Amino acid sequence: MTDMTIDRPDAGAPMTGALRRVLREYGHELLVALAILVLLAVVGTINPRFVSARNMTSVFSGNAYIAVAAIGMTMIIVIRQIDLSVGALIGVLATISGTIAVSGAPVWVAWAAPVICGAAISSVTGVLVAYAGIPSIVVSLGMMAILQGGLISVTGGAWISDLPPAFLLAKMKVLGLPMPLVWGVVLTSAAAVWMRMSAFGRSLYLIGGNAEAARAVGIPVRRRIVAVFAIHGAFAGLATLLFATQLQVIQSTTPANLELVIITAAVIGGVSILGGTGTVIGASLAAVLFAAIGSALIFVNVSAYWLRALIGVLILLTVLADVMRRRRETRAGGH
Amino acid sequence: MINRHSHEAVLAVLAALAIAVLALQSAEFLTPANLMNQGRLMTEVALVALVMTFVIASGGIDLSVGSIMGLSAVLLGTFWQKMGMPLPLAMVLVLFSGALCGLFNGFIIVRFGMPPLIATLGTLALYRGLAEGISQARSVRGWPEWFAQIGQGSFAGVPVQVWILLAAMAVAVVILGYSRWGRTVYAIGSSETAARFAGLPVDAAKYAVYTASGLAASLAAIIFVSRVSTTRSDMGTGLELDVITAVVLGGTSIFGGRGTIIGTVLGLVVIQALESGLSLAGIKGDGTIVLIGVVLILTLLASTFAESRARA
């Protein structure tokens, strides 16, 4: 529960005190960032083409949508919920957005629709979780089936092609930087500040850490749960915009296991599945780390078929570290 | 009695209703040939779901079963064709390795106190990755005739794998319903701390359920390979979600402490009846998935509602 500790004034040694606090609060995030840098340095030495601007751009902007989706998932896991339907949701939102784009409607409508629909669909999950009391793992499992099946039933598996060039957001640039990269950085920073500074954001950690206590201090827990699901849905919509506008066509299926990739990013980024801790920065960095590992395997001539095994080991080690740290803290705190 | 098994009763009515409607819709549905074929198709999911009932009733979850199935299929091909082992030995080794995968899940959950959801999410990636790495996207074909009998043959007019499933069901019903181990599983699911204080073998029971889960997944893999006569590293992808849907639909509480094998079997029957019946009625498989999702959520809504009224 490092995020809940009260800031102590380290007046005697402001520099080291501040450094120590950053290390304590963002130790996990720094570790993931360090892992990325080491990976870039090592693989870049073996094969310089790995760190070429072209490869880095394609790695980072091609996977920015996972980082964006992981922001919402982080909030969901912080309040001790889970959403298995996010992959199917992104598939549905991509088709909604693409259909509007080719219908001749103004392009901003095609961009706004997935964000609004994402929030609306995800709120339904939130209401079922918060007010009907069905566990989120089950509700989202049912939602996943409904969204996946519904998508293919409605579209018949047909792809959407001939997307107008003005719609292809992921191919645009801001100040010479690829749009997905900019979005990833801006959204992650904004969400990180919001979760750290706002009363709403901070209340999420309390809900995840101890829902009873949160209720006792007057936090409307049920309404917050619905709100977090809605926000998560909106982020899924934003992720859709980056995902669906990469190519000229939109498939009516979702990448298999996308929900697990997104959850994994959040977990490796340091979000404790036990609720109450974790930051969106860690989740976004973890998404970057995966993308870099996937690309690095190709550049050092290791079959990419081993990628998933590597990610599995990474998840287990991360969670092991989290469990061990919690144990140590409990022992230290409880004499 | 009715109160205790209200969820199962609701499901039984639902299953009977589905079967009746579907029989009226299509003359082919209630034929023995179709029913036997449905049994063949549901065996792999059902075998894993039986053990998953234990896992979920103990308050845990196992997301890695689909990956263990894929890894087992790949290992079966590797042991037999690449390493030249006799096929029966390869089958035994695959069952052993499946159990070992399950044991490893149990180890990280029990020894390190990792939440099962995340521990098995990690091994889901790990085992699938091993399957992909070992197979390098190559499949193994050319299985002998006797091996194909497991997945394609019949004995006394009933598919071979359905006999295996029936035997497994009987064992599961006895263990969960009538043995000390079954009561231990429920006790852990209700309150692990209380179970520990009561001196129940909590750790041993957890090891047992996760190991059995891996074993069931590898048995399902052997049957699946025999049925489709090939191995692929992506076999069993998404199996965990089908299995969990059936178990939860069957009334097992995702929080643990409650659930029956009969409920799981009814859940499996409802899903299979919907899938086959709707496809016979000309509705595509994807429409069926939607219906399963709706049925899952509505059943849970109904049973949470009934429960809160019973408590009030």
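Here segment A:122-173 is the region considered, the condition is being among the β-branched types (Val, Ile, Thr) and more than 21 Å from B:Glu240 (Cβ to Cβ), and the residue that is farthest from the other protein chains (Cβ to nearest Cβ) is A:Ile160. The condition (being buried (at least 23 other Cβ atoms within 10 Å of the Cβ) and part of a helix (DSSP H, G or I)) is satisfied by just one residue among B:Phe79, B:Phe54: B:Phe54. Residue pairs whose Cβ atoms lie under 8 Å apart, sitting 6 or more positions apart in sequence or on different chains, and linking a residue in segment B:152-177 that is among the hydroxyl-bearing types (Ser, Thr, Tyr) to a partner that is in a helix (DSSP H, G or I), are B:Ser154/B:Met36; B:Ser154/B:Val160. Set side by side, the residues A:Arg308, A:Arg331, A:Arg325 differ, and just one is among the basic types (Lys, Arg) and more than 23 Å from B:Leu117 (Cα to Cα), which is A:Arg331. A:Ile315 satisfies every condition listed in (1) within 12 Å of chain B (Cβ to nearest Cβ); (2) out of contact with any Leu (no Cβ under 7 Å at 6 or more places or on another chain); (3) not aromatic (Phe, Trp, Tyr) except (2). The set of residues in segment B:1-51 being in a loop (DSSP other than H, G, I, E, B) and among the hydroxyl-bearing types (Ser, Thr, Tyr) consists of B:Ser26, B:Thr31. Residues in segment A:157-181 that are in contact (Cβ under 8 Å) with a residue 24 or more places away in the chain and either more than 14 Å from A:Thr245 (Cβ to Cβ) or not polar (S, T, N, Q) (or both): 17 in all.
The sole residue among A:Leu89, A:Leu93 that is in contact with a Pro (Cβ under 9 Å, 6 or more places away or on another chain), in contact (Cβ under 8 Å) with a residue 40 or more places away in the chain and not acidic (Asp, Glu) is A:Leu93. Taking B:Val209, is it surrounded by 20 or more Cβ atoms within 10 Å (Cβ to Cβ), modelled with pLDDT under 90 and touching a helix residue (DSSP H, G or I) at 6+ places or on another chain (Cβ under 6 Å)? Considered against the rule, which asks whether it is surrounded by 20 or more Cβ atoms within 10 Å (Cβ to Cβ), modelled with pLDDT under 90 and touching a helix residue (DSSP H, G or I) at 6+ places or on another chain (Cβ under 6 Å), B:Val209 comes out as no. Can B:Gly251 be described as closer than 27 Å to B:Gly293 by Cα, surrounded by 20 or more Cβ atoms within 10 Å (Cβ to Cβ), touching a His at 6+ places or on another chain (Cβ under 6 Å) and within 14 Å of chain A (Cβ to nearest Cβ)? Yes. Take the conditions (1) more than 17 Å from B:Val225 (Cβ to Cβ); (2) touching a Phe, Trp or Tyr at 6+ places or on another chain (Cβ under 7 Å); (3) not aliphatic (A, V, I, L, M); B:Gly182 misses just one of them, which is (2). Looking at B:Val55, B:Val51, just one residue is in contact with a Pro (Cβ under 9 Å, 6 or more places away or on another chain), more than 13 Å from chain A (Cβ to nearest Cβ) and under 30 Å from A:Ala321 (Cα atoms), and that residue is B:Val55. In this structure, B:Thr231 does satisfy being farther than 24 Å from B:Phe107 by Cβ, more than 14 Å from chain A (Cβ to nearest Cβ) and surrounded by 17 or more Cβ atoms within 10 Å (Cβ to Cβ).
If you check A:Leu307, A:Leu285 for being surrounded by 24 or more Cβ atoms within 10 Å (Cβ to Cβ), among the aliphatic types (A, V, I, L, M), farther than 30 Å from A:Ala158 by Cβ and in contact with a helix residue (DSSP H, G or I) (Cβ under 6 Å, 6 or more places away or on another chain), only one passes: A:Leu285.
Let's see how each residue does on (1) on the phi < 0 side of the Ramachandran plot; (2) assigned to a helix (DSSP H, G or I); (3) modelled with pLDDT of 90 or more:
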{"residue": "B:Ala205", "(1), (2), (3)": "yes, yes, yes"}
{"residue": "B:Ile222", "(1), (2), (3)": "yes, yes, yes"}
{"residue": "B:Ile254", "(1), (2), (3)": "yes, no, no"}
{"residue": "B:Gly277", "(1), (2), (3)": "yes, yes, no"}
{"residue": "B:Asp286", "(1), (2), (3)": "yes, yes, no"}
{"residue": "B:Leu301", "(1), (2), (3)": "yes, yes, no"}
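Exactly one residue out of B:Gly257, B:Gly263, B:Gly277, B:Gly236 is over 30 Å from A:Trp306 (Cβ atoms), within 14 Å of chain A (Cβ to nearest Cβ) and either surrounded by 20 or more Cβ atoms within 10 Å (Cβ to Cβ) or out of contact with any strand residue (DSSP E or B) (no Cβ under 7 Å at 6 or more places or on another chain) (or both): that is B:Gly257. Consider B:Ser67 carefully, then state whether it is more than 14 Å from every other protein chain (Cβ to nearest Cβ) and assigned to a helix (DSSP H, G or I). No. Within the set B:Pro159, B:Pro201, the sole residue that is at pLDDT below 95, touching a helix residue (DSSP H, G or I) at 6+ places or on another chain (Cβ under 8 Å) and surrounded by 19 or more Cβ atoms within 10 Å (Cβ to Cβ) turns out to be B:Pro159. Listed by first and then second residue, the pairs linking a residue in segment B:127-142 that is facing chain A (nearest Cβ under 10 Å) to a residue that is surrounded by 23 or more Cβ atoms within 10 Å (Cβ to Cβ) and outside any helix (DSSP H, G or I), with Cβ atoms under 7 Å apart and 6 or more places separating them unless they lie on different chains, are B:Tyr127/B:Ser64; B:Ala131/B:Ser233; B:Glu132/B:Ser233; B:Ser135/B:Ser233; B:Ala137/B:Ser233. Scanning segment A:249-271 turns up no residue that is in a helix (DSSP H, G or I), out of contact with any Ser or Thr (no Cβ under 8 Å at 6 or more places or on another chain), away from every other protein chain (no Cβ under 14 Å) and under 30 Å from B:Ala119 (Cβ atoms). Pairs meeting the criteria (first residue in segment A:298-312 and over 13 Å from B:Thr123 (Cα atoms) and more than 7 Å from chain B (Cβ to nearest Cβ), second residue surrounded by fewer than 13 Cβ atoms within 10 Å (Cβ to Cβ) and of a type in the set (Lys, Arg), beta carbons under 8 Å, at least 6 apart or on different chains) are A:Phe299/A:Arg49.
Restricting A:Ala158, A:Ala132, A:Ala166 to residues that are over 25 Å from A:Ala227 (Cβ atoms) and not in a helix (DSSP H, G or I) narrows the list to A:Ala158. Among residues of segment B:99-143 being farther than 15 Å from B:Ser233 by Cβ and among the small types (Gly, Ala, Ser), the one that is surrounded by the fewest Cβ atoms within 10 Å (Cβ to Cβ) is B:Gly142.
The values are calculated or read from the model by the stated rules, or taken from the named source; none is laboratory data. Since we're looking at a predicted model, the values are computed, not measured. Virtual Cβ from ideal backbone geometry, glycine too; neighbours counted across all protein chains shown.
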